[in-house]
Every structure is written in C-alpha cells, then in structure tokens.
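The values are calculated or read from the model by the stated rules, or taken from the named source; none is laboratory data. Keep in mind that this is a model prediction, so the values were computed, not measured. Cβ sites come from the backbone with ideal geometry, for glycine too, and all protein chains shown count toward neighbours.
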Amino acid sequence: MRELRLDARGRDEAYRPLEEMGLRGQWTALSGGGAADDPIICRVRVKNETDAPFSGVVRLRLPLESAEPRFFLPGFMYGTNRGDAPLVVDSQTPRLRHAPADFPASPWWLTRADRLSHPVALAFAGGRVAGLCASPYFVKAGGKRRAWMPGAAGDFDQYAGFGCDIDAGEVCYTLGYENAPWFFLDSHNYSPRSPLGDNAFVLAAGEAFEFEAAVFDYPAGAERAIDGAIRWVYGRFHQPPREGLPTQTVVSDIAGAVSGAAWLEDSSAYAGFVFDWQHENEVRRLPSITWTNGLSVAVPMLQAAHRLGREDMRAQALACIGHIVETSVNPKNGLPFTAEVDGAWGNRGWWYDKQPVPGHAGYLVGQALYYILKAYELEKGHGAEHPDWLAYVERALEVTERSRNGDGEYPYIFSENSGAGLCYDSMSGAWCLAAAAYCAFLTGDRSRLGALLQSEAHYHAAYVVPMACYGGPLDIDKQVDSEGVLAYIRAARWLHALTGDADLLRRMGEAIEYEFTFKFCYNSPIQVPPLSKVGWSSCGGSITSVTNPHIHPMSSSVVDELAYYVERNGDEYVRSRLLDTVRWSRQLSNTFDGEYDYGRRGWMSERFCHCQGLLTEHYPDGAPASTWFALMPWACGCVLEALCGSVWE
C-alpha cells in the first residue's frame, strides 16, 4: 500500500517530523485491499515520548502517486472548487490553486471534520481514487479518550480534521484540527488561520493514542468513482436521524403554520419571512416567483391541502398560482417575470445585483414552469382541470427551447427583450430541461424529445460526471452546490418515464449519488443551541454548498424522485438514504411553541448550522444561535413536498 506519513505542529505553524516534536508514530495495516468496498484498515499510534505535555495538531498524510489530483472532501471541496475560475467575485469560498495563489485560493486547505458530510478525504488522479477515512471526533469515557464510532459510549471530547494539498499531492487527517489558511464563517466573513486553542490535541507526558484509519486506493475511470468509497463510509459511520412526529402530524403542523402566519391576502402571495415578537407577527415579503417564495411555497401547500382535506389552504394556494399565471408574463418575450415588487412584475428580486447581467434567471424561470406543471397534475388527479396553467407553461417553453446553445444548455440569464440566452455555463438551466421533460410526459408530445436528450447528455457529461455541479442558485457566483443537480434528477426521472431508457435511470442514479455527497451520514455533535439542546440530527440533511456551510431542506424536495429510482432499481443504499431524508425532514419544526427558541408550533426556518459556519444569528445576549429565528415558508415547502407525495412514511 501507499506509505502513510505522520507529522505535527505545536505553537509554530509549520508541520515537522514527529521526532522533532518529541513524538513517535507508527501505523500497521490490519486488513483490506484498498478497494472501494474493502479499504485497507490501519491502526495508527502516536506517543508523546517527552516529560512534558504536547499540545498541537498531529497530521496523518496519504501521498498521491499522480499529478493534478482532483480532491473530494464531501460538502467542502469538489475538484478544486473551481480554482481555475476567476477569483474576484462577491461570494468567496475555499479554492485550490498551485502556489502562488491569491485569496481565496490556496494550494492547501485544512478544516474541522464537521464541515464535511462524511469523514473522508478523497482524490481522483492518474486513473485511481485514493483517500483517507477516520472518525470525525473523539469521545471520553472513564477518563479515557478514543475515536468515536457509532454505538461508542462516552461524551463528546473534541473534533478531528481533514485536509488536502495540491502542490504536495496528498490528503490528510488530523488529530485536533485547523481551519487554514482561512476560516470562512460565510461567503462574506472570513479570517486567517487562528493560533492553537481548543482545537489543539493534547497528549500528556508519556501518553499514547491509537485510532483506526481506512485507506482507499483503487482504479477509476472518472471522478464519480468516488461514489463507491462514499457508500463504504456511509455503512461504517451511519446513524439514523432521531424520530420526529408522525408524517401526518408534521404536515398538519407546518402547513397550518404557513397558512396561518405567512399568507398575505392583499397580494395573493406568501411572506418570505415571518418573525414572532411575543406572538406579534412581523412579515418580510421577499417577493419571488419561486425558489425562495412563490410557487415553491404554493405548490407544496397545495399538496398539503389535498392530503389534509383543507379547502381553505387549497384556496390560498390556488389564488397564488392563479395570480402568477394570470399576471406574470413578460409581453416582450413570453417568459415569466421572476419577482413582483410593490405590485409591479419585473426581474429585480433580492438576487438582482448578484446577476452578471439583467434579465430573467433561468433557475427561476425553469423552476416556476416545473412547479406549475406539478400543480396542474395534482389538481387534475383530483378532478380539477386548469388548461390555462398548461398553456402558460407551453408558451414559455417555446422560448426556453429556442434559447438553448449549441451544447444543448439552457441559459443562466434570458434577455428581457427577446428571451435569447445572455450567458450560460451553469446548472441553473437544468430546471428548464426538467420542465420541458415533465411537460412532454404530461401531454404525450414527444416532438422535442431529441433535443431534450441532447441537453440531458450535456448536463450529465459537463457537471455530473466530474462531480462539480455549479451555477444553481444565484447567490453564490456559480460556486459548487447541491441545489442545481436537483433539477437534473427531476429531468432524468421524467425522461426515463418517457423513454424507459435504462441509461437514463443509471445517470439519474449518478446524480443522486452526487447529491448524497452533501448529505450527512452521521449525527454530528452540535455544540451551539438551539440545535444542541433539542436533539437535532444532521443525518439526512444536505449541506447547501461549498459556499454556504449550513444545512437547508431543499434536498428533501426530491424524495419522490428517490422513491421512483428505488422502485425501479431496488438499490438498498439509496433506500436507506431516502429513509434518512424522510426522517430528518420530520424533526425540523417546533413541536411546541418556542422549542427552537422562537416561533410557534409548526414553525421552521431554512438554516441549520451543523458546524462553525453561518453562525451569524444571535440570542439577545450576543451568544451565537445555530438556526435562524424566523418562519421561512419556502423551506417549509421543501419538507411538505417531501412528506406529502411520499409513500415512505
């Protein structure tokens, strides 16, 4: 096997051979051959041979054998996090570039283990996948410290860390951790490497510490071959989420909260935020046709209304959808406007100044059309026809189909005048593909099928295979995220339903596994309230992006697609992760007033801070909070979409 290397640092930032630090290390291969399903299990031992305590970070390194590796630290680093793309953008995130590199790029990165969804650092290079997996944190019981494993007894003691280095060509695991060379609280708040403090690993004089590490080293044809290692890591560290309330109760609670507190009768819309100040609601409208409001709320609320038999909820949802269909079309190009501000439709939503050029955002256009089709099918299944909804979508699709480029990719931004594509290079437009495929399935019109298949093949080859889906949401400057692929998963589902092509189902599975790299496999020991005190589980929740280091529930919205895939493929691994997602979704909202230190029963926000990232909300005394103290209907919609359509109770 590859030679593992050990070094350490103390107060000096430089890592040095162990003997220079008064430490001695050794490792022994115990079993395994290095394959994705049979990694080499090593026992690693580090001993302090001095008569004084050691306080620092110990690093276990796995050198790679080939140049130009593409790294995968799930939820944190994908390839180089587009280190080859321009760095001067509004939203910053860790990027990899060879030295010399300018902020925010660096040749190497170290981070606390809970920034990753799975405790593993992988690399694809030279036709092979190599990587290191070890416990993300340590526990202590009876005065003895050890690496955590599922079922291990003991109280949380300290986090470990992971890292990668493109110049040295290696991945690493650390006892103790660093956030270096910079720590990102969020994409606009960052700080340089901090001096060692609570993040240091301490070994008393003469003390030894042992732990196990798994080493992967197997042949691979493309980056997506890391999926095999991710499956093994999931099996080794999986913990199911805590059990929440029954599905019907959760649906009733959340839908009731949105209907009762967020509905704005005067504008046939839902609020974007609702704040609760001593049971007096304060609303922030945050107008948007979908994504963070609008149809992403109305259509799941329509689902909930049908499930609960609530005609009042249905009337609200129908009013919102009807208002959008009747009033939102841009007469110059036939596309829906994306935001209604003070009663006037346009494209100046809250994201407007983050767009590279003015225009209709493909992300919102495609998603709006998709959700209208979902509402159309739902209502038709309950005996209500809405031919005007279908006509609205079909007219807009005529424009989106004309605007595909030579690769078959839909625009990132459409012209407000002609509907022509103004820029591309993103997963955003995959929502237009999903809407077109869904429409073809509902109507039986296969006239565009060839073009749709061309587009699907492009998105698969350009984004899914290299495991770097970027350019979904508009607020992160085309950084790598978990959102854009959700549209591709839906598109592949409907194209498979249209054609029965087994390759489409396989590629849908590949996209699902990409999304799973953002989805937690274990329950991280949250240290910040309110999540730390309510027993909140991270397993089943997906990190938003490499830019926004928190969990929000958008990935719950593809539960029906996961079920579709499992029913046809029978993959028990996907089935297990589907169940994680459903269970996770049932434990996000207040089960009683103020459970999450805000709001009333059924209220939930979009923000769940699983690590140090995005701890920007604060209690009145200034202490950080691990959630956002607001009811956020779009996030509620994701959970309703997951729970209303699924048979996975």
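Regarding segment 251-259, can at least one residue be identified that is touching a residue at least 24 places away in the same chain (Cβ under 8 Å) and either closer than 29 Å to Ser418 by Cα or assigned to a loop (DSSP other than H, G, I, E, B) (or both)?
No, the conditions are met nowhere in segment 251-259.
Only one residue in Glu409, Glu385, Glu394 is of a type outside the set (Ser, Thr, Tyr) and either under 23 Å from Glu641 (Cα atoms) or touching a residue at least 60 places away in the same chain (Cβ under 8 Å) (or both), so which one is that?
Exactly one of Glu409, Glu385, Glu394 is of a type outside the set (Ser, Thr, Tyr) and either under 23 Å from Glu641 (Cα atoms) or touching a residue at least 60 places away in the same chain (Cβ under 8 Å) (or both), namely Glu385.
Tell me which residues, restricted to segment 266-285, are without any contact (Cβ under 8 Å) to a residue 40 or more places away in the chain and not in a strand (DSSP E or B).
Asp266, Gln278, Arg285
All but one of (1) more than 19 Å from the chain's Cα centre (by Cα); (2) surrounded by fewer than 23 Cβ atoms within 10 Å (Cβ to Cβ); (3) touching a residue at least 60 places away in the same chain (Cβ under 8 Å) hold for Asp560; state the number of the condition that does not hold.
With (1) more than 19 Å from the chain's Cα centre (by Cα); (2) surrounded by fewer than 23 Cβ atoms within 10 Å (Cβ to Cβ); (3) touching a residue at least 60 places away in the same chain (Cβ under 8 Å) applied to Asp560, the lone miss is (1).
Regarding segment 66-75, can at least one residue be identified that is out of contact with any Leu (no Cβ under 8 Å at 6 or more places or on another chain), of a type in the set (A, V, I, L, M, F, W, C), assigned by TED's automatic domain parsing to the domain that holds Ala213 and surrounded by 15 or more Cβ atoms within 10 Å (Cβ to Cβ)?
no
Listed here are the residues, each with its yes/no results for (1) outside the structural domain of Ala468 (by TED's automatic domain parsing); (2) under 23 Å from Asp227 (Cα atoms); (3) touching a residue at least 40 places away in the same chain (Cβ under 8 Å); (4) not in a strand (DSSP E or B).
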{"position": "Cys539", "(1), (2), (3), (4)": "no, yes, yes, yes"}
{"position": "Pro549", "(1), (2), (3), (4)": "no, yes, yes, yes"}
{"position": "Ser556", "(1), (2), (3), (4)": "no, yes, yes, yes"}
{"position": "Leu579", "(1), (2), (3), (4)": "no, yes, yes, yes"}
{"position": "Asp593", "(1), (2), (3), (4)": "no, no, no, yes"}
{"position": "Arg600", "(1), (2), (3), (4)": "no, no, yes, yes"}
{"position": "Glu606", "(1), (2), (3), (4)": "no, no, yes, yes"}
{"position": "Leu615", "(1), (2), (3), (4)": "no, no, yes, yes"}
{"position": "Gly622", "(1), (2), (3), (4)": "no, no, no, yes"}
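For segment 411-466, which residues satisfy the criterion of being of a type in the set (Phe, Trp, Tyr) and crowded, with 23+ Cβ neighbours inside 10 Å?
Across segment 411-466, the qualifying residues are Tyr412, Phe414, Trp431, Tyr438, Tyr459, Tyr463.
If we keep just the residues of segment 485-502 that are within 11 Å of Tyr565 (Cβ to Cβ) and not aliphatic (A, V, I, L, M), which is surrounded by the fewest Cβ atoms within 10 Å (Cβ to Cβ)?
His496
Looking only at segment 575-602, count every residue that is more than 29 Å from Thr111 (Cβ to Cβ) and in contact with an Asp or Glu (Cβ under 7 Å, 6 or more places away or on another chain) and tell me the total.
Looking only at that region, the number is 6.
Conditions (1) part of a helix (DSSP H, G or I); (2) over 30 Å from Ala123 (Cα atoms); (3) not assigned by TED's automatic domain parsing to the domain that holds Ser91, marked per residue:
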| residue | (1), (2), (3) |
| --- | --- |
| Gly419 | no, yes, yes |
| Leu422 | no, yes, yes |
| Asp425 | no, no, yes |
| Cys432 | yes, yes, yes |
| Ala435 | yes, yes, yes |
| Leu442 | yes, yes, yes |
| Arg446 | no, yes, yes |
| Ala468 | no, no, yes |
| Arg490 | yes, no, yes |
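Looking only at segment 479-531, which residues are more than 25 Å from Ala160 (Cβ to Cβ), under 19 Å from the mean Cα position of the chain (by Cα) and of a type in the set (S, T, N, Q)?
Scanning segment 479-531 gives a single hit, Gln479.
On the basis of being under 21 Å from Leu578 (Cα atoms), among the hydrophobic types (A, V, I, L, M, F, W, C) and either touching a residue at least 40 places away in the same chain (Cβ under 8 Å) or not in a loop (DSSP other than H, G, I, E, B) (or both), does Cys611 make the cut?
Here the answer is no, as Cys611 does not meet what is asked.
Can you name the condition, by its number, that Gly161 falls short on among (1) modelled with pLDDT under 95; (2) crowded, with 24+ Cβ neighbours inside 10 Å?
It fails just one condition, (1).
Among the residues of segment 225-236, write down those that are of a type outside the set (A, V, I, L, M) and under 19 Å from the mean Cα position of the chain (by Cα). Before you say what the answer is, go through the steps one by one.
Of segment 225-236, the ones of a type outside the set (A, V, I, L, M) are 227-228, 231-232, 234-236.
Within segment 225-236, Asp227, Arg231, Tyr234 meet the criteria.
Would it be correct to say that Ala205 is without any contact (Cβ under 8 Å) to a residue 24 or more places away in the chain, outside any strand (DSSP E or B), loosely packed, with under 13 Cβ neighbours inside 10 Å and not assigned by TED's automatic domain parsing to the domain that holds Gln527? It would help to see each step written out before you state the result.
On the way: without any contact (Cβ under 8 Å) to a residue 24 or more places away in the chain: no; outside any strand (DSSP E or B): yes; loosely packed, with under 13 Cβ neighbours inside 10 Å: yes; not assigned by TED's automatic domain parsing to the domain that holds Gln527: yes.
It is false that Ala205 is without any contact (Cβ under 8 Å) to a residue 24 or more places away in the chain, outside any strand (DSSP E or B), loosely packed, with under 13 Cβ neighbours inside 10 Å and not assigned by TED's automatic domain parsing to the domain that holds Gln527.
What are the residues in segment 357-378 that are buried (at least 16 other Cβ atoms within 10 Å of the Cβ) and farther than 18 Å from Ala298 by Cβ, if any?
Gly359, His360, Ala361, Gly362
Does segment 12-26 hold any residues that are under 35 Å from the mean Cα position of the chain (by Cα) and touching a residue at least 60 places away in the same chain (Cβ under 8 Å), and which are they?
Within segment 12-26, Glu13 is the sole residue that qualifies.
Name the one entry in Ala105, Ala121 that is closer than 25 Å to Gly471 by Cα, free of Cβ contacts under 8 Å to residues at least 40 places away in the same chain, outside the structural domain of Asn548 (by TED's automatic domain parsing) and touching a strand residue (DSSP E or B) at 6+ places or on another chain (Cβ under 8 Å).
Ala105
Check segment 233-243 and report whether any residue there is of a type in the set (A, V, I, L, M), in a helix (DSSP H, G or I) and modelled with pLDDT of 95 or more. Walk me through how you get there before you give the answer.
In the first step, residues of segment 233-243 are kept if they are of a type in the set (A, V, I, L, M); the result is 233.
Cutting the leftovers down to in a helix (DSSP H, G or I) gives us 233.
Next, from what is left, pick out any that are modelled with pLDDT of 95 or more: 233.
Yes.
May I ask you to list the residues in segment 541-552 that are under 15 Å from Ile526 (Cα atoms) and touching a helix residue (DSSP H, G or I) at 6+ places or on another chain (Cβ under 8 Å)?
First pass over segment 541-552, keeping only residues under 15 Å from Ile526 (Cα atoms): 541, 543, 549-551.
If the condition is that a residue be under 15 Å from Ile526 (Cα atoms) and touching a helix residue (DSSP H, G or I) at 6+ places or on another chain (Cβ under 8 Å), then Gly541, Pro549 are the ones that fit.
Can you tell me which residue in segment 329-356 is nearest to Lys374 (Cα to Cα), limited to those that are buried (at least 20 other Cβ atoms within 10 Å of the Cβ) and under 31 Å from the mean Cα position of the chain (by Cα)?
This residue is Pro336.
Looking at this structure, is Phe608 surrounded by fewer than 24 Cβ atoms within 10 Å (Cβ to Cβ) and either at pLDDT 95 or above or more than 22 Å from the chain's Cα centre (by Cα) (or both)?
no
Would you list the strands (runs of 3 or more DSSP E) that sit entirely within segment 13-107 and hold 1 or more residues that are touching a helix residue (DSSP H, G or I) at 6+ places or on another chain (Cβ under 9 Å) and among the β-branched types (Val, Ile, Thr)?
Output list reads 40-48, 54-63.
Given (1) touching a residue at least 60 places away in the same chain (Cβ under 8 Å); (2) in a strand (DSSP E or B), where does Ala225 come up short, assuming only one miss?
So the condition that Ala225 fails would be (2).
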